[in-house]
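Trainee: Quick one: structure below, then a few questions.
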Amino acid sequence: MTVVPRVEVLDGRHADELRRAGRALLKEPLLLARGPHADEFRLVRSHAEELREWFGRNTGWSLQVDAESARLRKTPGVLTDPTHPVREVSRSRAPFTRRRYVLLCLALAVLERGEAQIALGRLAEQVVLEAADPQLAATGMTFALERRDERLDLAAVVRLLLRLGVLRKVAGDEDAYVSGAGDVLYDVERRVLAGLLAARHGPSVVRAEGFEPRIAALAAETALDSDELRFRAIRWKLTRRLLDDPVLYYDELSDEELAYLTRQRSFITAHINELTGLVAEVRAEGIAMVDPYDDLTDVRMPEQGTHGHVTLLLAEHLAAAGGPVGRAELEAHVRGLAAEHAGFWSKSAREPGAEEELVEQALRKLTALRLVSPTADGVVPLPALARYAVGETVIRTTKKASADE
């Protein structure tokens with residue numbers, strides 16, 4: 001019988017807790033002391049110093065922890081990636097529209113200057129006043145919040161803020177507000193609200209014009225005036241991308257970034273594995289950090305159901321194509337698949353014209369997973385899609401043993 005020394009047991013337990021805390025922050029960068037992630041919050045709080053040091057050294061992300069919340073201020077490796085939008089807090093998980101993003105920003109501005117409690121009707125009135133700003137009106141974005149669809153947009157924003165913990169419901173229901181039959185009262189959690197924005201610079205001091213330049217200015221790092229700072233910035237960028245992106249392709253990197261990754265790949269991936277358990281899958285075209293626990297992602301493949309099956313079958317088709325494929329060809333392929341799998345797909349997926357939406361949903365997922373790249377009228381398969389290629393079926397036979405053997 002082998003007896004494991006107590007020190008090794010304690011070290012193993014500590015490493016396991018640190019890993020679970022790190023993964024919890026990557027899944028939910030804002031954790032609250034109460035609510036569905038209270039256990040994860042307590043774990044993060046107990047290992048706050050080590051986590052703060054790891055994220056600061058390897059990613060440049062700051063971690064703030066107090067008695068009520070833990071906030072990892074993540075900055076993505078690619079600032080303009082549109083494939084992971086905010087989604088509704090509902091079964092549909094529909095992505096936020098441009099209008100809802102604007103409403104979210106206006107609602108946060110109102111709450112920042114408001115009282116400790118606010119009613120949804122009052123929030124709507126203040127949002128309408130904020131939206132009257134001439135610069136916003138000049139973009140053609142207007143809000144009256146008189147129609148039901150407009151109130152639905154505001155209700156979706158509020159439900160997101162409830163999920164994040166910025167608001168806490170006291171009384172009422174959002175559905176009653178949407179139908180015009182009631183109102184809702186909320187407590188405003190000001191400490192959570194204050195930590196919501198993850199930016200290096202305050203939006204009010206940014207003078208850049210245009211969406212992408214302003215985003216870059218908000219997240220701009222300190223001026224890189226030495227080799228040490230430049231290499232540190234490269235390490236941060238590479239680690240952020242390996243943590244956040246499904247695949248990091250070498251051809252997306254500058255010559256300096258690729259040279260650094262070639263030299264430091266084992267060091268960087270080992271540190272990521274130590275904290276998160278992610279395992280590096282290295283190929284000729286790039287690196288994917290694979291999650292053996294299969295829960296550190298917002299987009300899964302394969303998935304159950306009709307849409308999951310369509311996505312998997314389209315991935316197989318695109319992997320075999322070896323080049324660009326037009327949307328019309330994909331839709332024709334899905335029409336054929338609908339007939340072939342009629343007994344398994346939902347009724348709505350078999351209706352004429354359904355192939356357009358099925359293809360759109362599948363391509364959104366494949367793009368988010370960095371398996372395809374969209375073009376004007378279709379997609380181009382990316383190298384990582386090869387894992388979904390299906391080879392020719394090979395039937396092997398064995399010689400039947402004789403009675404004498």
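Trainee: Taking the Cα-to-Cβ direction at Asp291 and at Arg122 and moving 7 Å from each Cα, how far apart do the two end points lie in nm?
Mentor: 3.9 nm
Trainee: Find out how many positive minus negative residues lie around Gly114, taking Lys and Arg as positive, Asp and Glu as negative, among other residues whose Cβ is under 15 Å from that of Gly114.
Mentor: Numbers: positive: Arg113, Arg122, Arg168, Arg190, Arg191; negative: Glu112, Glu115, Glu125, Glu130, Asp187, Glu189.
My count for the surroundings of Gly114 gives -1.
Trainee: Here's a follow-up. Give the Debye-formula value of log10 I(q)/I(0) at each listed q (0.15, 0.20, 0.26 Å⁻¹), with one equal scatterer per alpha carbon of region 6-73, two decimals each.
Mentor: Values returned for q = 0.15, 0.20, 0.26 Å⁻¹ are -0.44, -0.74, -1.11.
Trainee: A further question on this structure: Give, in nm to one decimal, the length gained when the segment between Asp81 and Glu112 is fully stretched (0.36 nm per residue of separation minus the Cα-Cα distance).
Mentor: Extra length from Asp81 to Glu112 when fully extended: 8.4 nm.
Trainee: For region 80-218, take the alpha-carbon Rg, divide it by the Kirkwood Rh, and send me Rg/Rh.
Mentor: 0.95
Trainee: 222 nm [θ] for the chain, helices only, -39500 (n - 2.57) per DSSP H run of 4+, per residue, to 500?
Mentor: On the way: 15 runs with 195 residues, N = 405.
Counting only the DSSP helices, I get -15500 deg cm²/dmol.
Trainee: Sorted from fewest to most neighbouring beta carbons within 10 Å, what does the list Lys365, Lys74, Lys347 look like?
Mentor: Numbers: Lys365 22, Lys74 19, Lys347 9.
Exposure proxy ranking, most exposed first: Lys347, Lys74, Lys365.
Trainee: Mark the label point 7 Å from the Cα of Glu228 along Cα→Cβ and return the residues of region 49-80 whose backbone N is within less than 14 Å of it.
Mentor: none
Trainee: With the crude spin-label approximation of a point 7 Å out along Cα→Cβ, what separation in nm comes out for Ala280 versus Arg98?
Mentor: Here the answer is 4.1 nm between the modelled labels.
Trainee: From the C-alpha coordinates alone, can you work out the Kirkwood hydrodynamic radius of the chain, in Å?
Mentor: Mean inverse Cα-Cα distance, inverted, gives 24.7 Å.
Trainee: With each pseudo-label sitting 7 Å past Cα toward Cβ, what's the Ser254-Ser46 distance in nm, one decimal?
Mentor: With each label placed 7 Å out from Cα toward Cβ, I get 4.3 nm.
Trainee: Beyond 21 Å between alpha-carbons counts as too far, so tell me which of Lys74/Lys365; Lys27/Lys237; Lys27/Lys74 fall in that bin.
Mentor: Too far apart for the 21 Å limit: Lys74/Lys365.
Every number in this text was worked out from the coordinates using simple rules, so none of it is lab data. Owing to the predicted nature of the structure, the values given are computational and were not obtained by experimental measurement. Note that each Cβ is placed from the backbone with ideal geometry, even for glycine, and that neighbours are counted across all protein chains shown.
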